[in-house]
Structure formats: structure tokens, C-alpha cells
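Asks: Sending over a structure as C-alpha cells; questions will come in a sec.
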Amino acid sequence: MSGYHAPVQDWLFDLQALAGLDDIAACPGFEDAGLETAQAVLEECARFNQEVVAPLNGVGDRSPSRWQDGEVLTPPGFKQAYTQFTAGGWQGLQHPPAVGGQGLPKVIGAACVEMLNGANLSFALCPLLTDGAIEALLTAGSEALQSTYLPRLISGEWTGTMNLTEPQAGSDLALVRARAEPLNDGRYKVFGTKIFITYGEHDMAANIVHLVLARAQGAPEGIKGISLFVVPKFLPDAAGEPGRRNDVACVSIEHKLGIKASPTAVLQYGDGLAGSVADGEGPGAIGWLVGEENRGLEYMFIMMNAARYAVGLQGIAVADRAYQRAVAYARERVQSRPVDGSSRAPVAIIEHPDVKRMLMTMRALVEGTRAMACAAAAAHDRAHAHPDETVRRQEQAFYELLVPLVKGYSTECSLEVTNLGVQVHGGMGYIEETGAAQHYRDAKILTIYEGTTAIQANDLVGRKTLRDGGAAMHALAERVAATEDALRQQGGADALAVLAALGEGRQSLRRVVDYLVEQGTAQPNAVYAGSVPYLMLAGNLVSGWQLARALLAVQDGARESGPDGRFDADFARRKRATARFYAEHILSRIPALESAIVHGADSVCALSAEDF
């Protein structure tokens, strides 16, 4: 099974039941973004990705992007698919109409981002980075930079990149050495080497707009001395078209475990590239300052936060693709008689209890993390568009709290799901031709780039928990408690089973938050030794909470409208079963995580560096 079925039905349900799309559509600027619009957009997005982008997923893995004399050739079909992507207006879906976008809410955009990544993770990385560049320029770019670059980026004619990492500077950006020398006309010359630059060179668009972290001349040391510059591959001419070649060269691309079709470039700035502006002006890539000097890290984090949320969606997407492939294989693969003796002949392996356990785990993790991502996007939309300032402030805090969970928990879950996908296939999963292994390989990078899981976890501990004394997390726990009250009122076996696990998980979260706050200053090593388990606990709980809300929605819909009501009876039955499975098999992991956080720090730090 090589096809992809976009999760339109589940997203439409989440948009109504969890995001409150009707309320978002009542916010200024989103009046045309109700259910009818969402359905039309999602169905067209599904068609495009299923028919055009998904068939290229295996092609790109078998025939990766290749570097040749400083240029990168993408896999067969990618350039043509990208032309169709831009013609459909998909790059500008969430961006402001004033600069050429369609102005749809993030929550509708999120559904489309998941579909694009589910169809083809490597292909989707190009628009993902462009979205981040657009956000940074919208926030901090001058009017001149915005008018020059935003229309072309939003149309997709040009693509964007994010240039942070250097050979000696990975996550620690204080070590950035790239430098920028001011010219007397407002421009800068940029020099340095940047590595791991996704789509830093390719043949799909007419120009590539690099957003580059560098130190302006005379800047202070450390992160306080970093500035952000726009450095295009081709300098725009007077008409805004790609003109002279800039002094930036792709000297190689990486050979990777997964996402092989996505070119990961090593870029050299200011090395005197022949045939570039260096011929007339001397070495140095021409760039323009974004915002103010020495505030580059602040601006880059606008891109980073947008990218972190999107990477979480990538995790959900590749997990769903792996789940779909595993289900299809399990239905076709006949092996062994059932353990209950119900058939004397071998049956499809989907009939065996342990295969069902694996498939249910995959399904529950996909639907739970998707529901969490949907709730986060809805908070973002309210934070930006709700007429009440208090609501905007509360929703912004909620969104910021969820971003490390969407990024960290969802991508860690994608490894579990894609691993199970290989396991369901058995030996055939280890064979590349079945496609299951590609999802496993592709998923691994998601826990690493745009900040590793540990970086997301440290952010969750330091900025999102300790800084406010645990207030935001306790407020989240109150929201969970309100859902518990609704489950209690509704009653029924499924609701009560979810209630029990959700309540235990919420109490664990409260105890862990109190522990972290109490020990944060006195024992920082102990607190951060448990940071990743803390992220996994919180992400687990929030995903389970959203599935509990989904359970309430399908139950209420059935009670209000009967068998012909809002939700198809089979869909409602499956959603109830998935919510209960998540509660009994995944929420049940939380007590062990709590114990590891509260009691396990000493064993983490027991050995010295020399002991390893």
C-alpha cells in the first residue's frame, strides 16, 4: 500500500468539537472561515496531496536530491509538484491578505500542513521554512524588505530558509561566528559557513531568500551580539525580479538517514564565488539587516517557534502515514489461526490481539497528538484575533505552553508509531520496498531539528513552569479538571474509564509541578534530569485530555440528535474506543513518569563523566 488518505474527517471533527471553529470564525478577520470554508479547503488540500504529492514520497527516498557543481537537483517530479503547489495558493493560506495571503486561521492551516507532510515529509519541508521566513519578516522586517520579499515568498515564487547552525555552533548560538560588515549604503557584506540548511539550494523556485544569523561589526560577544540578515541567492533588480547572483554558494549537501529528498545544504557566504557580485564588489554576500542590530536571536525565534509547531505536525503526519500503511498490510497479510479457535484456517493478522494492540496504540497516539495540535492552533487564533484583550493574553499563554508539547511529545510519539509500523509488517517491514522503514527513518530527525526534545523540555521547565511558579501548568490542570466534571456528569463505562485515568494523570502533573517549583533553585540538576519525562508526562496528559473532550463531543452529539445527528455512528464508536484505549494504555504511563521525575534524579547523576 503506497497511497495516502488525508485525515479530512478527523480534522473536521476536531475543528468543530475541540477548536470551536464557529467561535474563531466570529473573531474579526476570520468571518469567512467557518465550517463550509474549512471543509472546502481541506477536501481540495486532500485531493492535491493524495494525487500529486504523495506518489513522490517513495520516489524521493529512492532518488534523493543530488549536488552537482554547486547546484542541487531535486528528485523527479518535485519541481512540477511545487509549481502546482504554488499555483494552488497553498503557501499563502495562513498569511495576511494585505501581502497576498488568504488570511485563514492557523487551525485550518494546521490541517493542511499535516496533510502535506503526511503526503511527503521531504517535499513539505520547503514550504515549512518559507512560512517561518514570512513570519519573521512580517514581525520585524522594514517596509522595504516586506514589499520586496513578502509577495514573492507568500506566492511561493521564492522560498525561504533559516540559517542558524555553524560547524562549531549547534544549539548554542552564542558560538555563532558568521560576521556582517556594514557598507555605506545600508547594506552589509556577510561572511561565514552555515550547515544543515534545509532547502538551502534547490531547483524548484526562481530565488531562495536566506535569513542568516551573524555578528555585525563591533557587536558584543554571546547571544546579545547576534543580528539577523536577509541574504538572497539572487539580488532583486529594480523590477523586483531575480538579478545578479549573490556571493553565497552551496558547497555540498548531507547524506542522511531519512528525508533524503530534502536537500540539507552547507552554505558558504562571502567566499568570492565566481560569476557573482563578488566579481565587481569583492568577496562578501550582500545582505540587509532585519529590524535592529543585536536583536537577531529574538527575531529568529519567531521563525523557530513557527517551525517548532510545524515540526510537531510533521510528527503527527508521518505517524498517521505509518499507521495507514500498517493497517492496510495487516488486513492483507494472512498468517496463523486465531488464538480463540474461531477459525481453523489462518486469518489476516489484523484479527490477532497483539496486532490490534499495536494498531490501537498507533491510532490513539496519532489522534491524541492531532487533537492537541488542533487545540494549540485554536489558542493561537484566539490570541491574535479575539476582541477581548484578556482572552487574547490567556490564549497566548496557553499556546506558548503547548508549543514544546506539540513539538516534543508529538515527535517522540512519531518514533513509537513508526517503530510499531515496522513491527506490524514483521520481516517485511525491514525491507525497504514495503515503505514502512522509510517512515521510521524519516521520523527520527523530527526529535532533533528545530530544537531537540531535551531543548523543548528545558524550555517547558525553565520558561514555562519555573518562571511563573507553576501558575500556567496549574491553570492547565484546572481546565483538565473541568473536563473531568463533564465526564462524571455524562457517566457511562467509557466516560468513567477515561475519567479515572485522566484524574490520576492530572494529580500526577500537579505533584510534579510542585516538586519542580520547590526544587528549581536548590537542585537544578535534579529538576532538569527529569525534564524530558516531564515533557512526556504533560504531552501525554494534554493529548489524553483532548481525546476526553472528543469523547464528550461524540456522546453529546448522539444524545442531542440521535442516529442521524452531527456525527456518523461508526465514527463516534471508533472515537469512543480510541479515547478509552488511550486512557487505559497511554495515560496509564503517567505514574511511572512521575516516579522517575520525583525519585529518579540521583541515579541519573550518580556516575561522573569519567565513569562512562
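Asks: What helices (runs of 4 or more DSSP H), lying completely within the stretch 1-51, carry at least 3 residues that are out of contact with any strand residue (DSSP E or B) (no Cβ under 6 Å at 6 or more places or on another chain) and within 21 Å of residue 578 (Cβ to Cβ)?
Replies: Qualifying helices (runs of 4 or more DSSP H): 8-17.
Asks: Something else now. Mind listing whichever residues of the stretch 26-70 are among the charged types (D, E, K, R), farther than 30 Å from residue 98 by Cα and exposed (fewer than 15 other Cβ atoms within 10 Å of the Cβ)?
Replies: Those that are among the charged types (D, E, K, R), farther than 30 Å from residue 98 by Cα and exposed (fewer than 15 other Cβ atoms within 10 Å of the Cβ): 51, 62, 66, 69.
Asks: Tell me the residue from 373, 345 that is within 22 Å of residue 17 (Cα to Cα), at pLDDT 95 or above and small (Gly, Ala, Ser), please.
Replies: Selected residue: 373, the only one of 373, 345 that is within 22 Å of residue 17 (Cα to Cα), at pLDDT 95 or above and small (Gly, Ala, Ser).
Asks: Please specify each residue of the stretch 234-254 satisfying the condition of being touching a residue at least 12 places away in the same chain (Cβ under 8 Å) and over 15 Å from residue 207 (Cα atoms).
Replies: Result: 251, 252, 253, 254.
Asks: Return a yes/no flag: does the stretch 528-536 have any residue that is within 24 Å of residue 412 (Cα to Cα) and in contact with a Pro (Cβ under 8 Å, 6 or more places away or on another chain).
Replies: Looking for residues that are within 24 Å of residue 412 (Cα to Cα) and in contact with a Pro (Cβ under 8 Å, 6 or more places away or on another chain), one finds at least one in the stretch 528-536, hence yes.
Asks: Right, residue 143: modelled with pLDDT of 95 or more and farther than 17 Å from residue 309 by Cα or not?
Replies: When the stated conditions are applied, residue 143 passes them.
Asks: Just give me the residues in the stretch 431-457 being out of contact with any Lys or Arg (no Cβ under 8 Å at 6 or more places or on another chain) and either crowded, with 20+ Cβ neighbours inside 10 Å or farther than 22 Å from residue 316 by Cα (or both), in sequence order.
Replies: If the condition is that a residue be out of contact with any Lys or Arg (no Cβ under 8 Å at 6 or more places or on another chain) and either crowded, with 20+ Cβ neighbours inside 10 Å or farther than 22 Å from residue 316 by Cα (or both), then 431, 433, 437, 438, 440, 442, 443, 446, 447, 453, 457 are the ones that fit.
Asks: Quick check: is even one residue across the stretch 266-284 within 29 Å of residue 448 (Cα to Cα), touching a residue at least 40 places away in the same chain (Cβ under 8 Å) and surrounded by fewer than 21 Cβ atoms within 10 Å (Cβ to Cβ)?
Replies: yes
Asks: Under 7 Å by Cβ, and 6 or more places apart or on different chains, what pairs join a residue from the stretch 552-574 that is more than 16 Å from residue 491 (Cβ to Cβ) with one that is modelled with pLDDT of 55 or more and assigned to a loop (DSSP other than H, G, I, E, B)?
Replies: Listed by first residue and then by second, the contacts come to 557/566; 557/567.
The values are calculated or read from the model by the stated rules, or taken from the named source; none is laboratory data. A quick note: this is a predicted structure, and the numbers were derived from the prediction, not measured. Methodologically, a virtual Cβ is constructed for each residue, glycine included, from the backbone with ideal geometry; neighbour enumeration extends over all protein chains shown.
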